[in-house]
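First the structure, in the form of structure tokens, and then the observations on it.
Quick note: the coordinates plus some simple rules give every number you see, no bench work behind them. The structure displayed is predicted, hence computed values, not measured ones. We place every Cβ from the backbone using ideal geometry, glycine too, and count neighbours over all the protein chains shown.
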Amino acid sequence: AGPNVWEYYFKPVSMIHAPVEVGTRQKDQKLSWNQERDLHQSKEAIKAYYYGKSFDGKNNRQRYKDNLFDEDFYWRHRSLANRLIKDYVRLNKEILGKLNEFTREHFTGRTVLGIHMRGTDKIASAGGGEIIPPSEYASYAQKFLDYYPKSIVFVATESSKLLKELRALLAPGSNEISESRVVSRNVLRSKSEFKRGKQTLEQNIFLDSKFGKGYQKGEDVLLDALILSRCDFFVHGASSVSEAAMWFNLALHNRSVHLQYERASRKPQPWYP
């Protein structure tokens, strides 16, 4: 990483600059592991799913066990994040240009369903739940493409395996869905596997130093989240990337389906009541 990773992708928040001396800058910016954990777990922290302390005094561990979509929890965190983004986050010219170019080429004149599939090293114990199988997403995508004739599905994922499986489920010949109606970007995705107990999992490309540069990995995930934020509807599981899409576009809160939780608690949509 360079001296100011923020400005790789965003405009400066203010005209205040970090100290020039590297030693001073690192001393000012580094937090201890305990400090980072306390910030991450605090009740004021913006959260992407159920963990840590909660703003309303409820037990997030119990929320996770109940496995239900909690409207108040998600609206609170999404609306707070959206407010902060509106106040402080401005994309730089290069990122904004790539975002506009992609959406102009693929989204113009179409109704778009965004799908984000979090795979690879996702584990339930972190609070985000298990990996959701592609068949769950395919069910929603199939009905969406049938309901809206001039529509496409944009798929974002770091998992090569999940993308391949979803494309196979929505392949040409499967209810006449053409391949051109399922769109994804050519980004860095999982290329190797590792063992976790008896499980064989895909290695998260963002943690795999053997493949790709840090800047490109950051750009890949940021652009995917931004493109998802410009979709008309959204289907997703528990993931920070999924939540980031709604942090950038709060309107998706009522136009999205959270597949991580019991079906009875999911938001109905026009094409999937």
Residues R110 and A171, FRET efficiency given R0 of 22 Å [Cβ-Cβ distance, rounded to 0.05] = 0.65
Filtering trypsin sites (Lys or Arg not before Pro) in region 117-172 by DSSP loop and by at most 12 other Cβ atoms within 10 Å leaves K150
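Please rank D121, D66, fewest neighbouring Cβ atoms within 10 Å first, as an exposure proxy.
Details: D121 18, D66 14.
Taking fewest neighbouring Cβ atoms as first place, the list is D66, D121.
Can you pull out the GluC sites (Glu not before Pro) in region 89-168 whose DSSP state is coil and whose Cβ has at most 16 other Cβ atoms within 10 Å?
Working: sites: E94, E101, E105, E130, E136, E158, E165; in loops: E130, E158.
Taking region 89-168 and a limit of 16 other Cβ atoms within 10 Å, the loop GluC sites (Glu not before Pro) found are E130.
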Under 20 Å from the A124 label point (7 Å along Cα→beta-carbon), backbone N, region 68-109 | 68-70
With N residues in the chain, what two-decimal value do you get for its Cα radius of gyration over 2.2 N^0.38 Å?
-> 1.04
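Past 22 Å, Cα to Cα, is the threshold; run K65/K161; K122/K164; K30/K93; K150/K217; K47/K98; K47/K122 against it and keep the listed order. Walk me through the intermediate numbers first.
Numbers: K65/K161 28 Å; K122/K164 18 Å; K30/K93 29 Å; K150/K217 32 Å; K47/K98 28 Å; K47/K122 16 Å.
With Cα atoms farther than 22 Å apart: K65/K161; K30/K93; K150/K217; K47/K98.
Out of all DSSP beta bridges in region 91-265, what portion is antiparallel? Express it as a percent rounded to 5.
Working: 4 of 20 bridges.
Of the beta bridges lying entirely in region 91-265, close to 20 percent run antiparallel.
What does the net charge come to around D232 if you take all other residues with beta carbon closer than 12 Å to its beta carbon, with K and R at +1 and D and E at -1?
Details: positive: R110, K150, R230, R255; negative: none.
Within the 12 Å Cβ shell, the charges total +4.
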Going from the fewest other Cβ atoms within 10 Å to the most, one would list W271, W75 as W75, W271
Estimated 222 nm signal from helices in the chain, with DSSP H stretches of n ≥ 4 weighted -39500 (n - 2.57), rounded to 500 = -12000 deg cm²/dmol
Exposure proxy ranking, count of Cβ atoms within 10 Å, fewest first, for T157, T111 = T111, T157
Which aspartates and glutamates have a Cα less than 16 Å from the Cα of K267, not counting those fewer than 8 places away in the same chain?
-> D70, E71, D72, E136, D232, E243
